[in-house]
Every structure is written in C-alpha cells, then in structure tokens.
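Visitor: Questions regarding the structure given below will be posed in turn.
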Amino acid sequence: MEPMRDCPLFGGAFSAILPTGAIDVSDLRPVPDNQEVFCHPVTDQSLIVELLELQAHVHGEAAARYHFEDVGGVQGARAVHVESVQPLSLENLALRGCCQEAWVLSGKQQIAKENQQVAKDVTLHQALLRLPQYQTDLLLTFNQPPPDNRSSLGPENLSPPPWSLGDFEQLVTSLTLHDPNIFGPQ
C-alpha cells in the first residue's frame, strides 16, 4: 500500500499531500481544466480541488455558503443543508502567504448518481481559500457518500481504509503554490 504522497496538481503549478490510494480521475474520464479530482479505490469518496473565479460580491462565511450551494446546484442536489461554517486559521496553511481568508464548511446534499432515481445524503466538507490578488477562489471538496453495504474490502482487507477528515485537512493545509503564472498575467 502506497503512503500519502506529495502530488503535483495543475501541471505542477500546485502540489498537495494526497491520502493513500488516491486515484486521479482524469486517468478514467475527462475532468475540466480548472479541477483536479481524485477518488478512493474502494469507497465512493472523492476529493476535488477547483480553481474558481473570485466571487467578490460575497464575503466571509457567506462566500463559503455561496460555493456550497453552487456545487449543490451543479450536482442537481434535491436538498442542501449547511451544518457548520468555521474560519480556518491562515497560519496552518502552506498558502498563508497569498490566502486572504479561509473557511471550512460541513454540510449534506441530497444527490442522485447519474442514471439513478434515489437520492442519497452525501456529506460534503469544503475548504474555501480566497486569493483575491489572483482573482481566484480555491475550493477543496471532500465528498463522503454514505457507505454502501458491499463487503468489497474482503477478508484480507488489503484495500486502503476510507479517507478521514484528517486526510482532507492534510490536503487543505499542504496545498502549495509553485507557479503563480497559472492565474494568468497579473
């Protein structure tokens, strides 16, 4: 089993520590250029890093809620419920030099998978890192669907364990900018 690894993102413009077993979804299907998406090899968990246009019309906690609701709209969520929004201490971030404010939001969205009628409550944890000097909102999302009842781990249990909130925190705090040219001319 491979350990956590520092992984280049967006062609090396960023890097971050990814949890054990993270599979780059772009190896499986097309992913938009502004996203890096990783899935767990066994569970339906996923991690998404998105470079988004700065939403300057919303501030503070409202900005975190805005992006959470926007993701729900894009995914066709039938219900969206915010459980908590907390400021994230900049001193814990590798991006502290260019991040002006950071928020962590936890909530649930009722989402049906493609070609399925039944919607499930998916827990989402999001970190919003605001980089106004680059006109960018960096949104990191940890999707935690409810566990299904498959016993796919098998008796050997060789598969990596499900990702934890600690794995997501490691991704958020380790995210490092190496090449600001990714944001275009400043």
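Visitor: Residue separation times 0.36 nm, minus the C-alpha to C-alpha distance between residue 44 and residue 70: what's the value?
Guide: Difference between extended and current length: 7.2 nm.
Visitor: At 1.4 Å probe size, with the rest of the protein present, what percent of the exposed accessible area of the chain is carbon and sulfur atoms? Numbers along the way, then the final one.
Guide: Details: 4970 of 9920 Å².
Within the chain, the accessible surface is 50 percent carbon and sulfur.
Visitor: What is the spin-label model distance, in nm, from residue 112 to residue 61 if the labels are put 7 Å beyond Cα along the C-beta direction?
Guide: 3.4
Visitor: Here's something else I'd like to know. Taking only protein heavy atoms and a 1.4 Å probe, what accessible area per residue, in Å², does region 25-64 have with all protein chains in place?
Guide: 51
Visitor: What are the equivalent ellipsoid semi-axes of the chain, built from the alpha-carbon gyration tensor (square roots of five times its eigenvalues), in whole angstrom, biggest first? Could the numbers behind the result be given before it?
Guide: On the way: eigenvalues 140, 85, 46 Å².
Over the Cα atoms of the chain, the ellipsoid semi-axes are 26, 21, 15 Å.
Visitor: Still on this structure: Output ³J(HN,Hα) for region 5-11: one whole-Hz value per residue in order, computed from phi by the Karplus curve 6.51 cos²θ - 1.76 cosθ + 1.60 with θ = phi - 60°, and x for Gly and Pro.
Guide: Coupling constants for region 5-11: 9, 7, 10, x, 10, 6, x Hz.
Visitor: Can you pull the one-decimal nm distance between simple spin-label points at residue 179 and residue 78, each 7 Å off the Cα toward Cβ?
Guide: So the two model labels end up 4.4 nm from each other.
The values are calculated or read from the model by the stated rules, or taken from the named source; none is laboratory data. Quick caveat: nothing in here was measured; it's all calculated off a predicted structure. Using ideal geometry, Cβ is built from the backbone for each residue, glycine included, and neighbour counts are taken over all protein chains shown. Ligands, DNA and RNA are stripped out before the accessible areas are found, and what is left, the full protein with its side chains, is counted by its heavy atoms. Shrake-Rupley method; radii C 1.70, N 1.55, O 1.52, S 1.80 Å.
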